[in-house]
2 protein chains.
Amino acid sequence: MIGCSGSADRLTTPALVVDRALLIGNMVALANLAKRSGLRLWPHAKTHKSSELALLQLNHGAEGISVASVHEAEVLAHAGIRNILITSPVIGTDKIRRLVRLTSLAERLNVVVDNLSNVTELAEASVSAGCSRRLGVLVDVDIGMGRTGVTEVHQVVPLARAISSFSPLEFRGLQGYSGIVQHIQAYSDRRRAYLGQLDLLGKCVQALREAGFQVEMVTGGGTGSLGLDIESGILTDHQAGSYIFMDLQYRNVEIFEGQDHQAFQNSLSVRGSVVSANATGRVTIDCGSKAIAIDGPIPEVKDPLSACSYEYYGDEHGRVSFDDQEVRLAGSTVELWPPHCDPTVNLHDHLHVVSGNVLCGIWRIDARGVL
Amino acid sequence: MIGCSGSADRLTTPALVVDRALLIGNMVALANLAKRSGLRLWPHAKTHKSSELALLQLNHGAEGISVASVHEAEVLAHAGIRNILITSPVIGTDKIRRLVRLTSLAERLNVVVDNLSNVTELAEASVSAGCSRRLGVLVDVDIGMGRTGVTEVHQVVPLARAISSFSPLEFRGLQGYSGIVQHIQAYSDRRRAYLGQLDLLGKCVQALREAGFQVEMVTGGGTGSLGLDIESGILTDHQAGSYIFMDLQYRNVEIFEGQDHQAFQNSLSVRGSVVSANATGRVTIDCGSKAIAIDGPIPEVKDPLSACSYEYYGDEHGRVSFDDQEVRLAGSTVELWPPHCDPTVNLHDHLHVVSGNVLCGIWRIDARGVL
């Protein structure tokens with residue numbers, strides 16, 4: 001079916017669909033921005049959980065790929081990806097063992113830490129596993145989110161020293177990620193909330209340099225903070241993930257100051273089919289909360305049916321309502337803009353890549369599952 | 001690891017966990033109820049999406065298994081399950097083709113319809129596929145939910161006639177499901193909302209009998225309506241699904257009038273591990289909205305940490321807070337009661353069955369994915 005004219009119109013629903021031209025356009029736009037601003041790109045794969053897409057990002061200017069878990073790192077490393085950053089601390093004997101083993105596959109594997117005992121565990125596990133390649137370790141700094149990371153500047157140097165004292169580990173730098181600012185809509189509001197947070201990160205870099213450390217990477221940032229990350233110049237490496245798909249949450253975020261157009265296009269949709277049309281002014285489609293994530297605004301119906309409105313109607317169903325009595329939806333498909341791309345993708349096993357009415361590829365969301 | 005003492009304490013997190021004794025207890029409790037009340041059980045597999053669990057339900061008094069989609073039916077049929085009911089209309093050439101083919105595997109395969117053109121499509125596809133076994137067809141009646149089904153009593157007989165006129169199809173009866181009443185907490189409130197709906201279903205049965213039809217199955221019902229479904233006596237076959245796991249939404253539902261104890265026990269939990277413990281009075285765990293569904297009350301922390309409270313903290317993380325400064329959670333695991341079992345299970349690929357500190361089995365959630 002792939003490559004045939006009209007094939008994109010015959011997908012089994014509910015289907016996760018991405019527009020190939022818009023997807024590539026988003027990757028090119030970010031690559032151009034990075035080139036102009038001197039940022040290295042490590043796009044976050046928690047958004048797409050697909051090694052096919054990660055490889056495409058590497059072909060479009062990415063230096064490496066960020067992931068949320070050892071499981072995601074394993075899937076990408078087995079797909080041939082060499083530069084990987086795990087952006088959450090890795091905890092527990094089993095996961096640490098899996099992590100250090102992965103250095104044999106991923107040449108430049110990096111993980112973040114936020115406490116001394118985790119550093120020791122990583123070093124001991126590396127020695128036990130007899131790893132020949134060093135594990136890159138970054139100190140995670142909590143710049144305002146209160147989730148992971150050290151909270152004070154004075155904690156950074158001792159941790160960097162500890163990392164450097166273990167020969168299987170290599171101190172690579174700092175991470176400071178502020179998830180909470182990414183969806184602040186107005187640039188000026190986000191600026192107010194975020195610059196002080198980045199300033200803390202800058203002070204940590206300074207403390208490390210004064211203590212004689214080379215800070216190879218200062219990583220963080222997301223799609224929403226991209227403009228401010230470039231403006232502030234503190235990050236050297238950027239983790240934006242959602243830019244490839246966008247969603248309703250991101251559509252109204254002013255990523256760059258005074259932007260008069262979207263820097264990135266919404267490329268991702270979820271397609272459903274009408275399964276019941278017995279009522280007037282509404283139909284039921286096969287897209288509910290198991291096909292499209294509910295943690296955001298209500299999904300919107302895409303053109304040419306954008307005058308219709310959608311509401312969740314259970315795990316497997318949605319309701320599409322319309323005022324125009326001339327609308328005939330029985331037998332139709334309906335395409336929806338998702339509220340939030342990451343958890344929507346996480347509900348699916350496959351991503352259908354389309355170009356016009358042609359299905360160009362079906363990519364497995366191969367890092368879905370175990371978190 | 002399976003069967004070893006202490007193995008249940010060494011699961012990779014986030015993990016979906018079920019207590020074996022409570023799970024079996026719930027199945028036995030429902031089987032006893034069904035025996036006493038003369039209801040046949042077709043528990044809904046959309047809750048667990050696991051063929052292992054469906055087979056166990058058949059070993060504990062179920063007559064057949066209900067499913068939400070052709071995909072779920074295929075997975076269960078390939079696992080050897082013979083009596084299957086698809087509770088949503090099956091629409092579209094491809095899905096109908098897959099459905100009719102499945103009659104060669106599932107001896108007693110049933111689907112619901114709510115319009116004439118769907119009946120014709122099913123018959124034509126059955127003829128094209130040269131099926132030797134008849135497809136059971138039930139008329140879906142919208143008893144108040146406004147999702148699928150015919151809405152008027154007078155529509156039922158013509159549809160039954162149409163079904164009976166096609167030799168590859170066999171008219172089996174009616175479905176009337178009211179998802180919207182399942183979570184009404186007080187029995188009396190649910191009674192008020194639901195009995196009129198069941199009455200409409202009763203009138204449809206009567207119209208069919210008067211027209212000379214045998215109504216083999218009158219199917220519907222859920223865990224919340226079980227008491228009223230028994231009280232009214234209109235249903236012959238019951239689709240309760242959540243009873244095996246329960247959840248926070250169902251915990252406070254008075255399923256039987258004046259019940260002084262839970263008819264079914266909460267058997268399902270989600271386990272996470274502490275990944276960061278740098279703050280006072282709270283830790284971060286590896287359980288966010290990709291591990292535990294957000295469409296309900298906030299997850300609760302299970303004993304022995306039930307004095308702690310949980311909040312979502314992103315797709316991959318949760319925050320566990322506690323007042324007691326003596327609590328030391330670094331390195332710990334935390335177990336959570338899910339708000340809603342169906343979408344929580346849908347996030348995972350495996351169900352870990354435990355008995356005390358022993359892991360008894362890891363069951364694939366093999367019907368997850370394509371809806």
Query raised in the report: Where in segment A:252-371 are there strands (runs of 3 or more DSSP E), lying fully within it, with 1 or more residues that are without any contact (Cβ under 8 Å) to a residue 12 or more places away in the chain?
Result: A:268-276
Query raised in the report: Which residue, of B:LEU351, B:LEU347, B:LEU336, is touching a Cys at 6+ places or on another chain (Cβ under 9 Å) and either assigned by TED's automatic domain parsing to the domain that holds B:SER276 or at positive phi (or both)?
Result: B:LEU336
Query - Single residue of segment B:316-371 satisfying the filter (among the polar types (S, T, N, Q) and in contact with a Phe, Trp or Tyr (Cβ under 9 Å, 6 or more places away or on another chain)) that is surrounded by the most Cβ atoms within 10 Å (Cβ to Cβ) - result: B:THR344
Query raised in the report: Would you say A:VAL137 is touching a residue at least 12 places away in the same chain (Cβ under 8 Å), within 14 Å of chain B (Cβ to nearest Cβ) and in contact with a strand residue (DSSP E or B) (Cβ under 6 Å, 6 or more places away or on another chain)?
Result: no
Query raised in the report: Does A:VAL90 meet the test of being over 16 Å from the mean Cα position of the chain (by Cα) and farther than 23 Å from A:ALA123 by Cα?
Result: no
Report task. Please state which of the following conditions B:GLU170 fails to meet, knowing it meets all the rest: (1) touching a Gly at 6+ places or on another chain (Cβ under 9 Å); (2) surrounded by fewer than 20 Cβ atoms within 10 Å (Cβ to Cβ); (3) assigned to a helix (DSSP H, G or I). Result -> (3)
Query raised in the report: Taking segment A:223-246 as the region of interest, how many residues are under 21 Å from A:ILE24 (Cβ atoms) and touching a residue at least 60 places away in the same chain (Cβ under 8 Å)?
Result: 10
Requested in this report: Could you please find all residues in segment A:247-274 being within 11 Å of chain B (Cβ to nearest Cβ) and surrounded by fewer than 24 Cβ atoms within 10 Å (Cβ to Cβ)?
Outcome: A:SER273, A:VAL274
Requested in this report: Tell me which residues, restricted to segment A:347-371, are among the small types (Gly, Ala, Ser) and farther than 30 Å from B:LEU11 by Cα.
Outcome: A:SER355, A:GLY356, A:GLY361
Query - Those residues of segment B:133-162 which are closer than 28 Å to B:GLU107 by Cα and among the hydrophobic types (A, V, I, L, M, F, W, C), in sequence order - result: B:LEU135, B:VAL137, B:LEU138, B:VAL139, B:VAL141, B:VAL150, B:VAL156, B:VAL157, B:LEU159, B:ALA160, B:ALA162
Query raised in the report: Does A:LEU76 fit the bill of being more than 20 Å from A:SER178 (Cβ to Cβ), surrounded by 24 or more Cβ atoms within 10 Å (Cβ to Cβ) and touching a Ser or Thr at 6+ places or on another chain (Cβ under 7 Å)?
Result: yes
**Report entry** Selection count where residues are in a helix (DSSP H, G or I) and crowded, with 24+ Cβ neighbours inside 10 Å, scope segment B:230-246
**Finding:** 3
Report summary line: Selection from segment A:94-121 of residues of a type in the set (S, T, N, Q), within 10 Å of chain B (Cβ to nearest Cβ) and not in a loop (DSSP other than H, G, I, E, B) yields A:SER117, A:ASN118
Requested in this report: Residues being of a type in the set (Ser, Thr, Tyr), touching a helix residue (DSSP H, G or I) at 6+ places or on another chain (Cβ under 9 Å) and under 30 Å from A:THR223 (Cα atoms): count how many of those fall in segment A:311-346.
Outcome: 0
Report task. State whether the residues of segment A:211-221 include one that is assigned to a helix (DSSP H, G or I) and more than 27 Å from B:GLY318 (Cβ to Cβ). Result -> no
Query raised in the report: For A:ASP323, are the conditions met, namely being away from chain B (no Cβ under 14 Å), out of contact with any Gly (no Cβ under 9 Å at 6 or more places or on another chain) and at pLDDT below 95?
Result: no
Query raised in the report: Taking interchain pairs and intrachain pairs at least six residues apart, which have beta carbon atoms under 9 angstrom, with the first residue in segment A:186-201 and farther than 13 Å from A:VAL153 by Cβ and in contact (Cβ under 8 Å) with a residue 24 or more places away in the chain and the second of a type in the set (Ser, Thr, Tyr) and in a helix (DSSP H, G or I)?
Result: A:TYR194/A:SER232; A:LEU195/A:SER232; A:LEU198/A:SER232
Requested in this report: Just give me the residues in segment B:293-308 being within 28 Å of the chain's Cα centre (by Cα) and either away from chain A (no Cβ under 11 Å) or surrounded by fewer than 24 Cβ atoms within 10 Å (Cβ to Cβ) (or both), in sequence order.
Outcome: B:ILE294, B:ASP295, B:GLY296, B:PRO297, B:ILE298, B:PRO299, B:GLU300, B:VAL301, B:LYS302, B:ASP303, B:SER306
Report task. Could you tell me whether segment B:19-42 includes any residue that is on the phi > 0 side of the Ramachandran plot, under 21 Å from the mean Cα position of the chain (by Cα) and assigned by TED's automatic domain parsing to the domain that holds B:TYR243? Result -> yes
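The values are calculated or read from the model by the stated rules, or taken from the named source; none is laboratory data. Fair warning: this is a prediction, and the values are worked out from it, not measured in the lab. Cβ: placed from backbone, ideal geometry, glycine included. Neighbour counts: every protein chain shown.
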